[in-house]
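Worksheet: the structure to be examined is printed underneath.
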Amino acid sequence: MSLNATQLKHVAHLSRIALDEAKIPALVVDLNAILAFAEQLQDSRLDALAPMAHPWDQSQPLRADEVTESDAREALQRGAPAVERGLFLVPKVIE
Amino acid sequence: MSYHLKTLTELRAGLASRAFSARELATCFLNRMATHDGALNSFITQTPEQALAAADLADKRLAAGEEGALLGIPYAHKDIFCTAGIRTTCASKMLGDWVAPYDATVHQKLNAAGAVMLGKTNMDEFAMGSSNENSAFGAVKNPWDHSAVPGGSSGGSAAAVAARLVPIATGTDTGGSIRQPAAYCGITGIRPTYGRVSRYGMIAYASSLDQGGVLATSAADCAVMLQVMAGHDPRDSTSANVPVPDYVAQLNQPLAGLRIGVPRQWFTSGLDVSVAARIDDALLELEALGATRVAIDLPDAELALAAYYLIAPAEASSNLSRFDGVRFGYRCANPRDLNDLYERSRSEGFGPEVQRRILIGTYALSAGYYDAFYVRAQRARRQISANFAAAFARCDVIAGPVAPTVAFNLGAHSSDPVTMYLEDIYTIPVNLAGLPGMSIPVGFAGTRPVGMQLIGSAFTEARLLAVAHHYQQHTDWHQRMPAAYREDAV
């Protein structure tokens, strides 16, 4: 399975990464080299194996439904690029 | 005073007897950093003011009679651990001047123990890389040879410890990022079992593989540091609720009867002959100390590599989606609209390797490819895990190379991602299976150090540390240091 420039642009959009047109051909080559290496995963021995998402097949532990965090809005927003009156600022979304 | 030539135990004894103060100790290492780091670039941020304040506090605690293995001991953090009030960059332009609003659990524990942080070390951006060349703050040089890479992604921590700019440092290991730089820099590193050390406040790359650990000059020093870092953390849902043994007390557990498994498949044409020879020497030494060598099978290393380079990017593409130019970090100038803000902030803020992995990961998770790539990779992960289980039925510890070669030259692999990925062929299977692994120095090939990898079954860090400690009691490779860094700084 390989990736062409059109698919790459679609994936870049899904990833929200702006691609410089000039860099696309080299990137297609790099990504296809990685995908070619991944061809080994078609090994039929794997068909019967259950997918493993976590080293210990651990399930999510549960805790009591209690408030444990206090309000830290100001501290959390200190590292944001643009904030006003406690809100994150973004370009206008609705005209 | 040559504090940099002392072990952690010696430093601790000197502090306890008041032969020197924590302030003197911190000052000595800060001077070494100021003298030597210009050439190495192993630090992204040096924190002398905070360090001296922490040292003074440690001196007060010592004067009050308090004891503690790390009280007053200087160290460095890989710049992936969040530290409130001190910037955490992950070596990315995306977080170039970001200051975390809270401390990582590991940092909290080290602070509580009275350890003195001297700064935050360079790394591959978001821990993605095997050479430390993918850093927005520039490449790190190998202290043994400035034309060589230090390895990655914890390359700054490894170089700083190898040059004795700090006695000990933290690192993280997702696919080999503690073991490989430790090997390339001739020091000792341990990646604990997945879940042994809390990931809370450790910026995530691939959450099912990431694990914090230690880079030091000896296994005994690793044991002291790991003792403080390890343990269950309710703030990390993947943290293991398994008691932490006394690693230091178990360092001397005997080697007699220990079966060391040596994977046949790892000593083939892909492995540099001088690396293989040094590992064979080390195995002979361990046999002389009472261990038995058994040949084992550990197949599918390339399959593991293929699985890793889909699973890790898939998890990364999800984890790194939080860097959106809105909530923290870098934002592009004059965005046209919201989408332009996201796309340009991310393409300007992330370096090329991070973008490559996000793209591959997104592709592997996208509709139509999810089963063919991501799910297949997870099935392969099951196979790798089963291979280790079969191997550990025949042995107690596995030993082999850390990497196919010694440290390569800066720029040698930068044009071809797959060649760079092959550097990780012996380390990645361990991460997929969630196991603990170490690298210990076992000699040189030319002027560059060779590391031997030790792998254990889950939660057997104490045994790995003991095997390494016995070896280091009878050899002096771990005491070798690059000549240019031997003298005291003035």
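Residue-wise test of (1) in contact with a Phe, Trp or Tyr (Cβ under 7 Å, 6 or more places away or on another chain); (2) touching a residue at least 60 places away in the same chain (Cβ under 8 Å).
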residue	(1), (2)
B:A163	yes, yes
B:S207	no, yes
B:Q227	yes, yes
B:S239	no, no
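For the subset of the stretch B:440-476 comprising residues that are aromatic (F, W, Y) and closer than 25 Å to B:G212 by Cβ, which member is least open to solvent (accessible area, probe 1.4 Å)? Across the stretch B:440-476, the extreme among qualifying residues is B:Y471. Scanning the stretch B:249-280 for residues that are assigned to a helix (DSSP H, G or I), more than 20 Å from B:P404 (Cα to Cα) and open to solvent by 60 Å² or more (accessible area, probe 1.4 Å) turns up B:A249, B:Q250, B:N252.
Could we say that B:T170 is touching a Cys at 6+ places or on another chain (Cβ under 9 Å), surrounded by 24 or more Cβ atoms within 10 Å (Cβ to Cβ) and within 17 Å of B:L465 (Cβ to Cβ) here? So B:T170 does not fit the description; no. Considering only residues in the stretch B:277-335 that are without any contact (Cβ under 8 Å) to a residue 40 or more places away in the chain and closer than 30 Å to B:S207 by Cα, the one that is nearest to the other protein chains (Cβ to nearest Cβ) turns out to be B:R331. For B:I73, the requirement of being touching an Asp or Glu at 6+ places or on another chain (Cβ under 8 Å) and crowded, with 19+ Cβ neighbours inside 10 Å is not met. The residues of the stretch A:39-84 that are open to solvent by less than 90 Å² (accessible area, probe 1.4 Å) and not in a loop (DSSP other than H, G, I, E, B), listed by number, are A:E39, A:Q40, A:L41, A:Q42, A:S44, A:L46, A:A75, A:Q77, A:V83. The set of residues from the stretch B:414-444 being part of a helix (DSSP H, G or I) and of a type in the set (D, E, K, R) comprises B:E423, B:D424.
Does the stretch B:240-248 contain any residue that is out of contact with any strand residue (DSSP E or B) (no Cβ under 7 Å at 6 or more places or on another chain), modelled with pLDDT of 95 or more, among the acidic types (D, E) and open to solvent by 20 Å² or more (accessible area, probe 1.4 Å)? Scanning the stretch B:240-248 turns up at least one residue that is out of contact with any strand residue (DSSP E or B) (no Cβ under 7 Å at 6 or more places or on another chain), modelled with pLDDT of 95 or more, among the acidic types (D, E) and open to solvent by 20 Å² or more (accessible area, probe 1.4 Å). Is it the case, given these coordinates, that B:S318 is surrounded by fewer than 21 Cβ atoms within 10 Å (Cβ to Cβ) and part of a helix (DSSP H, G or I)? When the stated conditions are applied, B:S318 passes them. Kindly establish whether B:N387 is in contact (Cβ under 8 Å) with a residue 40 or more places away in the chain, more than 10 Å from every other protein chain (Cβ to nearest Cβ) and surrounded by fewer than 19 Cβ atoms within 10 Å (Cβ to Cβ). In short, no. When we screen A:A26, A:A22, A:A33, A:A18 for residues that are in a loop (DSSP other than H, G, I, E, B) and either more than 7 Å from chain B (Cβ to nearest Cβ) or without any contact (Cβ under 8 Å) to a residue 60 or more places away in the chain (or both), the only hit is A:A18.
The values are calculated or read from the model by the stated rules, or taken from the named source; none is laboratory data. All values derive from a computational prediction rather than experimental measurement. Cβ coordinates were reconstructed from backbone atoms using ideal geometry, including for glycine residues, and neighbour counts include every protein chain displayed. For accessibility, only protein heavy atoms count, side chains too; no ligands or nucleic acids. Shrake-Rupley method; radii C 1.70, N 1.55, O 1.52, S 1.80 Å.
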